[in-house]
Amino acid sequence: MRILMLAQSYMSIGVGQRGHVRNLTIGLARRGHDVAVATIGQPGSKTGQPEDGVSSECRQPPPTISVIICAYSEDRWELLLQSVASVQEQTLQPREIIVSVDQPLFHRCAAHWADFAASAPPIRVIQNKYDGHLGAARNTAAETATGEILAFLDDDAAADRDWLEILIEPYRDKRIGAVGGRPIPVFETSRPAWFPVQFDWVFGCAYDGLPTSRGPLAHLIGANMSVRRTLLEQVGGFHSDRHDDMDMCHRVAHLRGSEAVIYEPAATVRHFVPASRPTWRYFWRRCLFVNKGKVEAFAQMGDAATLGAEARFAWYALTKGLPREILQAAKGDAHGLARSAAIVAGVGLAAVGHVAGRIELVRRLRRRRQQATKQILDTAAQGDGRGK
């Protein structure tokens with residue numbers, strides 16, 4: 001456990017490293033009048049009373065919403081169509097739907113939704129203009145969005161009809177900066193009996209250990225999350241391409257406090273899990289390499305970085321999930337021991353990935369210092385040569 005709770009003594013490694021989004025210039029607050037949109041109604045409070053202990057002075061009318069869906073592969077075309085259609089059918093319609101795609105898919109999307117610019121809600125297709133994929137595409141969309149709230153939905157996820165209505169409710173409190181919902185896995189094949197629910201994060205889905213009611217959460221799930229547009233501007237957009245959800249949540253919490261990032265499990269989407277993912281190979285690689293990559297993402301965050309969420313997850317998995325699965329095995333569940341072993345292996349692989357990432361980071365920083373020192377010495381030597 002000590003490995004997972006290492007102090008955050010990271011040094012900044014600068015923009016442009018692997019997995020880091022380059023050249024972010026987000027001007028989110030100045031474009032509200034630039035895009036023609038449909039006028040929509042927003043519901044009031046269902047009860048008219050303060051909720052969750054929030055005083056009426058802090059509560060605001062529901063803000064406007066831009067839904068952003070990013071896509072990169074034609075292999076998910078049918079899923080993308082379902083994702084967009086699910087947003088069109090919301091009980092609370094957004095101001096706009098923005099489909100932000102990489103170049104190979106752009107022309108197909110632009111042609112398909114060419115006649116939807118004046119629909120309600122309007123659908124706009126834009127091309128990712130930054131290096132990278134998910135974080136870069138989200139930044140591209142954020143720069144053009146006009147809603148006060150940016151809601152992000154994965155291209156392989158379909159939202160329940162009341163998703164936006166529930167997701168937006170916490171924003172009535174002006175202190176809330178980001179809200180995420182619960183992605184529920186929809187398996188292409190049956191769920192493997194050996195796969196522990198504590199590790200459904202591997203699929204980008206809600207997992208055992210998350211809050212069961214609305215409350216603060218350090219790391220929202222990117223397939224189903226939202227943020228105030230002005231706050232995303234303040235933190236400089238998404239800085240990580242592979243860990244963009246974690247990066248945004250940590251920066252918002254650092255700016256506004258941990259209570260500003262809220263998880264609302266009642267706001268649900270259905271996240272498709274293809275047959276290639278519920279496998280042992282996918283499981284161990286995700287546990288190892290996701291946590292290895294997090295080290296660099298944390299290094300980019302500076303003072304906003306914290307391993308608290310990772311430590312709490314490991315503690316919960318080992319002290320709650322593991323005993324529960326062992327008990328199930330004792331009661332005759334033939335797969336209980338397999339899930340127990342997977343929990344131990346997953347936590348262990350996460351720790352190994354974190355250590356490997358730390359070692360790689362230290363080596364990279366050492367090489368950069370050596371190169372900087374060499375450059376200084378070479379410059380000094382050239383100056384001495386000219387002086388002679």
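Brief remarks follow.
- Close amide H partners of residue 68, meaning residues 5 or more places away or on another chain with modelled amide H under 5 Å apart, are 98, 151, 152, 153.
- Within the accessible surface of the stretch 268-388, defined with a 1.4 Å probe on protein heavy atoms only, the carbon and sulfur portion equals 59 percent.
- Assigned charges on the beta-carbon of Lys, Arg, Asp, Glu; the stretch 75-217 dipole about Cα centre (debye): 360 debye
- Counting only protein heavy atoms and a 1.4 Å probe, the stretch 186-300 has 36 square angstrom of accessible area per residue.
- Overall, the stretch 215-312 carries a charge dipole of about 440 debye about its Cα centre when +1 sits on the Cβ of Lys and Arg and -1 on the Cβ of Asp and Glu, all other atoms neutral.
- Judged by the mean number of other Cβ atoms found within 10 Å, the most tightly packed of the peptides 98-106, 221-229, 363-371, 333-341 leads the ranking 221-229, 98-106, 333-341, 363-371.
- Heavy-atom surface analysis with a 1.4 Å probe gives the stretch 60-110 a carbon and sulfur content of 48 percent of its accessible area.
- Our summary gives the stretch 89-177 a relative contact order of 35 percent, counting only alpha carbon pairs under 8 angstrom and 6 or more residues apart.
- Residue 268 long-range amide H proximity, modeled H, under 5 Å: 160, 182
- Those GluC sites (Glu not before Pro) in the stretch 116-207 that DSSP places in a loop and that have at most 15 other beta carbons within 10 Å: 188
The values are calculated or read from the model by the stated rules, or taken from the named source; none is laboratory data. Treat the numbers as computed from the prediction; the structure is a model and nothing was measured. A quick note on method: Cβ atoms are made from the backbone with ideal geometry, for glycine too, and the neighbour counts reach across all protein chains shown. Just so you know, the surface numbers come from the protein's heavy atoms only, side chains and all, with ligands and any DNA or RNA stripped out. Shrake-Rupley method; radii C 1.70, N 1.55, O 1.52, S 1.80 Å.
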